[in-house]
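Here the structure is laid out as structure tokens; the discussion comes afterwards.
The values are calculated or read from the model by the stated rules, or taken from the named source; none is laboratory data. Keep in mind that what you see is a predicted model, and the values were worked out from it rather than measured. Cβ coordinates were reconstructed from backbone atoms using ideal geometry, including for glycine residues, and neighbour counts include every protein chain displayed. Ligands, DNA and RNA are excluded from the accessible area calculation, which covers all protein heavy atoms including side chains. Shrake-Rupley method; radii C 1.70, N 1.55, O 1.52, S 1.80 Å.
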Amino acid sequence: MSDQTPDRDHPTTPAAGDPATTPAGPRPEPLRFFGTTWVEHDGGYGLRRTAVAVGSLAAAVAGAFLLRFAYQGLALAEVGGFVDGLLVVMFAVCTTIAFRKTWEGFTRRPADPAREDALRSLKLIGFIGSLLAYFLRSLAEAPGEKLLRTEYEAARAAHAKRRATRTGNPASRSTKPNRPRKGRR
């Protein structure tokens with residue numbers, strides 16, 4: 001078969017501007033682990049929220065054990081009390097920053113994306129804070145659902161407003177009446 005003829009087993013994809021396949025209005029942005037099930041709370045949304053809560057809590061506990069073993073390794077190496085204290089303070093500060101920045105990311109977009117990229121290493125060190133933020137947020141909703149729902153509803157309202165102003169037959173709209181030209185009577 002040639003490339004031009006459609007195959008029954010492999011249908012061609014419709015054009016991007018095809019009105020039969022283009023949904024009316026804005027599309028919801030997918031969430032990590034949830035896709036677009038957060039819109040209608042369907043497609044196993046409750047099960048996914050439970051899985052995210054249990055998974056993030058389990059990963060936080062596993063991470064805490066990992067850090068405990070690393071701390072015990074330093075204690076066996078007898079590096080000194082100052083280094084031990086510095087390590088504990090560093091992980092506590094990084095965990096707090098990671099929790100706060102992750103929690104803020106669920107409710108609003110970052111004002112300065114470059115600054116968020118600069119904090120990525122701190123979030124990596126304080127990964128337990130990010131996991132705990134995921135756990136706590138998934139108890140109430142999908143992490144980030146509130147932000148996306150607000151943006152999606154605003155986009156739908158704006159789309160509906162634009163559609164309402166364009167309704168009707170444009171040919172039947174009256175135009176401005178012709179004014180008599182100056183100099184002619």
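Taking the listed residues L139, L66, L122, the one that is in a helix (DSSP H, G or I) and either under 27 Å from R27 (Cα atoms) or under 16 Å from the mean Cα position of the chain (by Cα) (or both) is L139, with no other qualifying. Comparison of F91, F65 shows that the only residue that is of a type outside the set (S, T, N, Q) and open to solvent by 60 Å² or more (accessible area, probe 1.4 Å) is F65.
Is it the case that L74 is at pLDDT below 90, farther than 25 Å from E151 by Cβ and either open to solvent by 50 Å² or more (accessible area, probe 1.4 Å) or over 21 Å from the mean Cα position of the chain (by Cα) (or both)? So L74 fits the description; yes.
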